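Below is one structure, written out as structure tokens, with a few remarks after it.
The values are calculated or read from the model by the stated rules, or taken from the named source; none is laboratory data. Keep in mind that what you see is a predicted model, and the values were worked out from it rather than measured. A quick note on method: Cβ atoms are made from the backbone with ideal geometry, for glycine too, and the neighbour counts reach across all protein chains shown.
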Amino acid sequence: MSDLYQILQIDRHADGAAIKKAYRRLVKQYHPDRHPDGHEPMARINAAYEVLSDPDRRAAYDRRHAPRRVAVVSRPAANPDLTFELWREQVYVPVLSILEQGIAALSQQIDDLAADPFDDVLMAAFMDYVADCRQQCQRARECFRSRPNPPQSARSAEYLFYALNHFGDGLDELEFFTQNFNEASLHAGAELWRIAQEMCDRAAAAFPQWPPY
């Protein structure tokens with residue numbers, strides 16, 4: 001696995017601002033809209049940023065990758081078919097399912113709430129739904145981080161990453177709505193989830209046939 005600091009082209013002592021600046025620069029450079037072959041590099045860049053932008057995960061990574069003397073052990077090459085199948089079963093399918101189930105229920109939740117947004121019972125039900133989505137979002141993020149995607153699924157993994165980000169941002173807006181009853185937040189959350197669903201659809205469309213024929 002490549003060194004995460006090398007992927008982001010930063011020093012191991014870089015602070016949070018430097019990490020974010022490097023990430024934004026690389027996104028502009030390798031985004032698939034500008035770089036036709038940018039899907040695989042973007043998958044590595046996103047994965048590196050996910051770790052290094054989180055202080056706890058960065059500290060754990062640094063501990064695991066501290067320089068040390070180890071014996072060189074020859075290991076058999078990983079089976080690409082098995083690696084791909086494990087990623088599909090343990091990451092792709094559950095993450096996609098969590099996101100799509102949460103998004104699909106939003107329309108009915110909004111319709112129910114529209115009867116009377118100031119009704120305590122209806123608002124409590126909506127808040128329970130949002131809280132459950134928050135738990136599921138955290139579960140999806142942990143699942144996404146649990147196993148690196150194989151190279152042939154880089155494009156699909158990239159869209160899943162974007163879907164997760166939009167889903168989380170939409171949740172922030174929906175939670176804000178439950179606190180201040182600002183309909184603009186409700187509409188913003190719904191729009192972010194519409195984009196998240198679009199990213200899910202793209203992830204499914206980009207999912208590779210494996211083994212290739």
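Mind telling me which of the residues Ala196, Ala140, Ala131 ends up being modelled with pLDDT of 90 or more, in contact with a His (Cβ under 6 Å, 6 or more places away or on another chain) and among the hydrophobic types (A, V, I, L, M, F, W, C)? Walk me through how you get there before you give the answer.
Values: Ala140 fails: in contact with a His (Cβ under 6 Å, 6 or more places away or on another chain); Ala131 fails: in contact with a His (Cβ under 6 Å, 6 or more places away or on another chain).
After ruling out the rest, the residue left standing is Ala196.
When you look at Phe176, is it in a helix (DSSP H, G or I) and under 28 Å from Arg44 (Cα atoms), yes or no? Spell out how you get there, then give the answer.
On the way: in a helix (DSSP H, G or I): yes; under 28 Å from Arg44 (Cα atoms): no.
Spelling it out, it is not the case that Phe176 is in a helix (DSSP H, G or I) and under 28 Å from Arg44 (Cα atoms).
Of the residues that sit in the stretch 64-93 and are closer than 18 Å to Asp11 by Cβ and exposed (fewer than 13 other Cβ atoms within 10 Å of the Cβ), which one is modelled with the highest pLDDT? Walk me through how you get there before you give the answer.
Let us first name the residues in the stretch 64-93 that are closer than 18 Å to Asp11 by Cβ, namely 65-67.
From what is left, the residues that are exposed (fewer than 13 other Cβ atoms within 10 Å of the Cβ) are 66-67.
On the way: Ala66: 68, Pro67: 56.
Checked the stretch 64-93; the qualifying residue modelled with the highest pLDDT is Ala66.
Can you go through Phe144, Phe126 and tell me which one is under 15 Å from Ala43 (Cβ atoms) and of a type in the set (Phe, Trp, Tyr)? It would help to see each step written out before you state the result.
Details: Phe126 fails: under 15 Å from Ala43 (Cβ atoms).
So the residue among Phe144, Phe126 that is under 15 Å from Ala43 (Cβ atoms) and of a type in the set (Phe, Trp, Tyr) is Phe144.
Restricting to the stretch 159-188, what's the tally of residues that are buried (at least 16 other Cβ atoms within 10 Å of the Cβ) and in contact (Cβ under 8 Å) with a residue 40 or more places away in the chain?
Number of matching residues: 11.
Does Ser156 satisfy the criteria of being of a type in the set (Gly, Ala, Ser), over 15 Å from Leu171 (Cβ atoms), crowded, with 16+ Cβ neighbours inside 10 Å and at pLDDT below 90?
On the way: of a type in the set (Gly, Ala, Ser): yes; over 15 Å from Leu171 (Cβ atoms): yes; crowded, with 16+ Cβ neighbours inside 10 Å: yes; at pLDDT below 90: yes.
Judged against the criteria, Ser156 is a match.
Examine the stretch 188-196 for a residue that is small (Gly, Ala, Ser), in contact with a Phe, Trp or Tyr (Cβ under 6 Å, 6 or more places away or on another chain) and either in the same structural domain as Val51 (by TED's automatic domain parsing) or in a helix (DSSP H, G or I) (or both), and state whether such a residue exists.
Of the stretch 188-196, the ones small (Gly, Ala, Ser) are 188-190, 196.
After this cut, where a residue has to be in contact with a Phe, Trp or Tyr (Cβ under 6 Å, 6 or more places away or on another chain) as well, the list is 196.
With either in the same structural domain as Val51 (by TED's automatic domain parsing) or in a helix (DSSP H, G or I) (or both) added as a condition, the list becomes 196.
Looking through the stretch 188-196, at least one residue is small (Gly, Ala, Ser), in contact with a Phe, Trp or Tyr (Cβ under 6 Å, 6 or more places away or on another chain) and either in the same structural domain as Val51 (by TED's automatic domain parsing) or in a helix (DSSP H, G or I) (or both).
Hey, any hits in the stretch 25-36 for a residue that's part of a helix (DSSP H, G or I) and touching a residue at least 40 places away in the same chain (Cβ under 8 Å)? Write out each step before concluding.
Initial filter on the stretch 25-36 (part of a helix (DSSP H, G or I)): 25-30.
This time we only want the ones that are touching a residue at least 40 places away in the same chain (Cβ under 8 Å), so: none.
No, the conditions are met nowhere in the stretch 25-36.
Residues being among the β-branched types (Val, Ile, Thr) and closer than 15 Å to Met199 by Cα: count how many of those fall in the stretch 87-142. Steps first, answer last, please.
Taking the stretch 87-142 and keeping what is among the β-branched types (Val, Ile, Thr), we get 91, 93, 95, 98, 103, 110, 121, 130.
From what's left, closer than 15 Å to Met199 by Cα: 93, 95, 98, 103.
Within the stretch 87-142, residues that are among the β-branched types (Val, Ile, Thr) and closer than 15 Å to Met199 by Cα number 4.
Considering only the stretch 126-173, state which residues are charged (D, E, K, R), assigned to a helix (DSSP H, G or I) and out of contact with any Gly (no Cβ under 6 Å at 6 or more places or on another chain).
Asp128, Asp132, Arg134, Arg139, Arg141, Glu142, Arg145, Arg155, Glu158, Asp169, Asp172
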